[in-house]
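Report on one structure; see the data block that follows.
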Amino acid sequence: MKIIQTPVGHMAVFCYLVYDEETGEGILIDPAGDEGRLLKLLKEEGVKLRYIVNTHGHPDHTCGNGRLRDATGAEIVIHALDDEFFQKPELKGWARMLGLDSAPPADVKVQDGDKLTFGNIAMKFVHTPGHTPGGCCILIDGNLFTGDTLFVGAVGRTDFPGCSFEELIESLKKLIWSLPPETVVWPGHDYGDSPQSTLRHEAETNPYIVEYMK
């Protein structure tokens, strides 16, 4: 398995290309901008895109969905709650206010614990509400793609529509208590002192976890 982390769009979202080197089949996680560069990357790596996967529905993470689906035929995947929530007219209007495209409806709507495969690789969806109603972390072979649920040294905002700080803290507890501490954390933005971390490091140093996991 190969993981390529690259910032995209004017909000510098971390997009991830994850693919099976044996079969060449892969996914893009949160491909929100710079679609031409991402298509070039797919070609350079020889990847056939199976899924466009979103950790959550905020437009800075989903604005490239439509163009990439049109270009590749890949299916859009998101948690069912965020697909429903972010298709509301007022949320589409919010995306336009930010100067971003709103995402089309998803092709695959997942729930907590659902699994999908690409090539010989399985990914599991861990529902982590708080930043959005249907926020998810994506677990792939000891790697956790956390979107805006968990950053290196910080957590996602909870002052947007559909957010809940209490739910976010419960989601963080779920991750820390249920997954191995050596699980690698791949965040949705480069807000910390490194572009990746581990659950052990975050449990020991992230102030939000240290304070609320007592």
Give me the extension gain from S194 to D112: residue separation times 0.36 nm, minus the current Cα-Cα distance, reported in nm with one decimal.
26.7 nm
With springs connecting C-alpha atoms under 10 Å apart, model the chain as a Gaussian network and identify which of S194, S164, S102 has the largest mean-square fluctuation.
S194
Among L168, L17, L116, residue whose mean-square fluctuation peaks in a GNM of the chain (springs only between Cα atoms under 10 Å)
L116
Where does the Debye-calculated log10 I(q)/I(0) of the stretch 1-86 sit at q = 0.12, 0.14, 0.18, 0.26 Å⁻¹, using only Cα point scatterers of equal weight, no solvent?
-0.30, -0.41, -0.69, -1.37
The answer for the longest stretch of the chain without any exposed GluC sites (Glu not before Pro) (DSSP loop, at most 11 further Cβ atoms within 10 Å) is 23-181
Determine, for L179, L150, the number of other Cβ atoms within 10 Å of each Cβ, and report the residues in order from fewest to most.
L179, L150
Roughly what % of DSSP beta bridges within the chain run antiparallel, to the nearest 5?
65 percent
Ranked by GNM mean-square fluctuation in the chain (Cα springs under 10 Å), the top entry among K109, K124, K43 is K43
For the chain: relative contact order, % (alpha-carbon pairs under 8 angstrom, 6 or more apart):
15 percent
Here, trypsin sites (Lys or Arg not before Pro) of the stretch 147-210 satisfying both criteria (DSSP loop; at most 16 other Cβ within 10 Å) are R157
Test of understanding: what is the full-extension gain from R157 to Y212, defined as 0.36 nm times their sequence separation minus their Cα-Cα distance?
18.2 nm
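Read the figures in this text as sums done on the coordinates, not as results from a lab. What you are looking at is a predicted structure, and each value in this text was computed from that prediction instead of being measured. A quick note on method: Cβ atoms are made from the backbone with ideal geometry, for glycine too, and the neighbour counts reach across all protein chains shown.
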